[in-house]
Amino acid sequence: MPAFEGLRVLRIHVQRWPDSSIPEIVNTICRTNPSAASYDFEAAVELHEFVPSDAPSSGMDFYRTCLAAILLRELPEWAKLITLGRGRFIKRLSSDEYRDIRSIFRQAHLLDDPPSSNDVDWWDGVQTHVRRKGDDERMRRARLAEQLSIAHEASRLCGLGIDKAPQWMAIEDNTAGYDVLSFNPGEFGPLNRLIEVKSTVASPLRFYLTRNEWDNAVKFGDAYIFHVWDLQQDPAVLYEMKVAEVAPHVPQDKERGQWKTAQIPVGKPSAAAKTLPALTVNP
């Protein structure tokens with residue numbers, strides 16, 4: 001609240017003194033306004049940079065505009081809970097450290113019951129943005145995990161004396177049915193090693209398996225392997241799982257019901273990954 005109130009006061013004075021710089025205006029407010037000490041002008045100046053200049057300077061629309069601007073610029077950890085629905089969101093923010101956040105939502109009349117159509121539009125818009133940001137973050141982690149697998153396989157192939165480089169199939173061919181093409185030694189030359197790459201930051205460790213991914217795993221059999229990277233660790237830790245190790249956790253279709261996505265627990269980390277040096281990839 002001190003930052004938002006500081007921004008509100010700052011914006012009022014910016015309109016009064018359009019030719020003055022922001023530091024000059026802040027200094028003047030601090031000298032002349034008895035309530036200045038209750039405002040967080042450092043944060044207010046930062047908010048001033050990205051909250052739309054035509055935002056209302058008071059009332060619930062001011063707070064709504066500020067909240068939306070913050071969520072559009074960055075995604076605070078607490079904001080990820082918004083997709084749970086507003087009631088559960090506020091309940092999850094019940095501790096004292098979130099008191100100011102709860103207060104802002106109340107000042108913005110975003111917790112009114114029943115919600116107005118404008119309230120619903122605001123929540124829908126913010127939730128859509130948060131979900132999109134979540135999708136972007138999951139894609140970023142997926143690409144990072146694929147890069148880690150490529151680096152891991154390049155080191156592995158070098159150690160095996162196989163003069164081939166792993167191929168990033170997730171980029172080259174989305175229809176391949178796996179993310180990385182690597183190789184195993186064979187009696188008459190290298191054999192294909194088809195790798196489905198997963199990333200996880202969950203605890204306990206787990207990953208999500210789609211029906212299509214499992215169908216490909218069954219089709220390719222022993223040539224197919226899962227790379228699951230625990231990105232909570234630094235450096236990331238690799239877990240390799242064979243098709244036979246995943247199979248006990250895969251659900252079965254029954255009567256007219258068909259499964260589409262399954263949550264798979266992760267076992268012990270790959271011994272080979274433990275012996276590798278820390279891998280450097282592009283973030």
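The values are calculated or read from the model by the stated rules, or taken from the named source; none is laboratory data. Source: prediction; values computed, not measured. Quick reminder, even Gly has a Cβ in these numbers, built from the backbone with ideal geometry, and neighbours come from all protein chains shown.
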If you take the residues in region 80-124 that are under 20 Å from SER58 (Cβ atoms) and of a type in the set (Ser, Thr, Tyr), which one is surrounded by the fewest Cβ atoms within 10 Å (Cβ to Cβ)? SER116
Could you grab me the full set of residues in region 25-55 that are within 27 Å of the chain's Cα centre (by Cα) and among the β-branched types (Val, Ile, Thr)? VAL51
Could you go through region 116-123 and let me know if any residue there is more than 25 Å from ALA236 (Cα to Cα) and aliphatic (A, V, I, L, M). yes
Any idea which of GLN147, GLN107 is in contact (Cβ under 8 Å) with a residue 60 or more places away in the chain and in the same structural domain as ALA79 (by the TED database)? GLN107
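Being under 20 Å from GLY125 (Cα atoms) and of a type outside the set (Lys, Arg), is that true of even one residue in region 34-51?
Start the filter on region 34-51 by keeping residues that are under 20 Å from GLY125 (Cα atoms), which leaves 50-51.
From what is left, the residues that are of a type outside the set (Lys, Arg) are 50-51.
Yes, that holds for at least one residue.
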Residue pairs meeting the criteria (Cβ under 9 Å; at least 6 apart or on separate chains; first surrounded by fewer than 10 Cβ atoms within 10 Å (Cβ to Cβ), in region 248-265; second assigned to a strand (DSSP E or B)): LYS260/THR210
Being at positive phi and either in a helix (DSSP H, G or I) or out of contact with any Gly (no Cβ under 6 Å at 6 or more places or on another chain) (or both) is the requirement here; does HIS129 meet it? no
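Quick check on region 213-233. Is at least one of its residues of a type outside the set (Phe, Trp, Tyr), over 24 Å from the mean Cα position of the chain (by Cα) and crowded, with 20+ Cβ neighbours inside 10 Å? Spell out the reasoning first.
Step one: of region 213-233, the residues of a type outside the set (Phe, Trp, Tyr) are 213, 215-219, 221-223, 225, 227-228, 230-233.
Next, from what is left, pick out any that are over 24 Å from the mean Cα position of the chain (by Cα): 215-219, 221-223, 225.
Those still in the list that are crowded, with 20+ Cβ neighbours inside 10 Å too: 217, 225.
Yes: one or more hits.
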Which count do you get for residues in region 156-174 that are in contact with a Pro (Cβ under 8 Å, 6 or more places away or on another chain) and under 25 Å from GLN233 (Cβ atoms)? 1
